[in-house]
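The structure appears below as structure tokens.
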Amino acid sequence: MSTPNTRQALSQLEAKLREEIAALPTCGLSEAAHSASLGELIDAMTRLHLADEPIYTRLTRLDAALCQLDLGLYGLCADCEAEIEPERLLCDPTEQRCCGCDDHYRHEHRHELRLNH
């Protein structure tokens, strides 16, 4: 995926996440969801104890992907720095690990992952 296409896909995901956050019941983030930077929005969700929400994880992954894109590191595995398989990035443009490292991560953290679901 080219950089403009990647940026467009991430921007669309950002707009969707902002809408979902604005619609969260009784969290008081509707205004911030539309006007705050991603970092400010992540901080606000942390202060409101929403870090366990799945949308928080999606938001932090989006922020990481955008930062990587800006730094020219997008598409590189966060663990081994190899290229992430293109099909993985097509399925999820916020993917942070290659297939091998993701399998290893899931194996090493299976107890934590089981507790979160």
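The values are calculated or read from the model by the stated rules, or taken from the named source; none is laboratory data. The structure presented is a predicted model; accordingly, all values stated were derived computationally and were not measured. Methodologically, a virtual Cβ is constructed for each residue, glycine included, from the backbone with ideal geometry; neighbour enumeration extends over all protein chains shown.
Worth pointing out:
- Within the set Pro25, Pro4, the sole residue that is surrounded by fewer than 13 Cβ atoms within 10 Å (Cβ to Cβ), out of contact with any Ser or Thr (no Cβ under 6 Å at 6 or more places or on another chain) and either assigned to a loop (DSSP other than H, G, I, E, B) or touching a residue at least 12 places away in the same chain (Cβ under 8 Å) (or both) turns out to be Pro25.
- Failed item in (1) surrounded by 14 or more Cβ atoms within 10 Å (Cβ to Cβ); (2) not in a helix (DSSP H, G or I), with Arg18 passing the rest: (2)
- Residue within the stretch 55-64 that is without any contact (Cβ under 8 Å) to a residue 12 or more places away in the chain and charged (D, E, K, R) present: no
- Looking only at the stretch 28-49, residues that are of a type outside the set (A, V, I, L, M), assigned to a loop (DSSP other than H, G, I, E, B) and modelled with pLDDT of 90 or more come to 2 in all.
- Residue match in the stretch 89-107 (condition: touching a helix residue (DSSP H, G or I) at 6+ places or on another chain (Cβ under 7 Å) and of a type in the set (Lys, Arg)): yes
- Every residue from the stretch 35-47 that is buried (at least 16 other Cβ atoms within 10 Å of the Cβ) and either among the β-branched types (Val, Ile, Thr) or more than 23 Å from Thr6 (Cα to Cα) (or both): Ile42, Ala44, Met45
- Flag if Ala32 is out of contact with any Leu (no Cβ under 9 Å at 6 or more places or on another chain), among the small types (Gly, Ala, Ser) and either surrounded by 12 or more Cβ atoms within 10 Å (Cβ to Cβ) or touching a residue at least 12 places away in the same chain (Cβ under 8 Å) (or both): no
- Number of positions in the stretch 48-95 that are farther than 19 Å from Ala23 by Cα, surrounded by fewer than 14 Cβ atoms within 10 Å (Cβ to Cβ) and within 12 Å of the chain's Cα centre (by Cα): 1
- Filter result for Asp79 (part of a loop (DSSP other than H, G, I, E, B), closer than 25 Å to Cys91 by Cα and in contact (Cβ under 8 Å) with a residue 12 or more places away in the chain): yes
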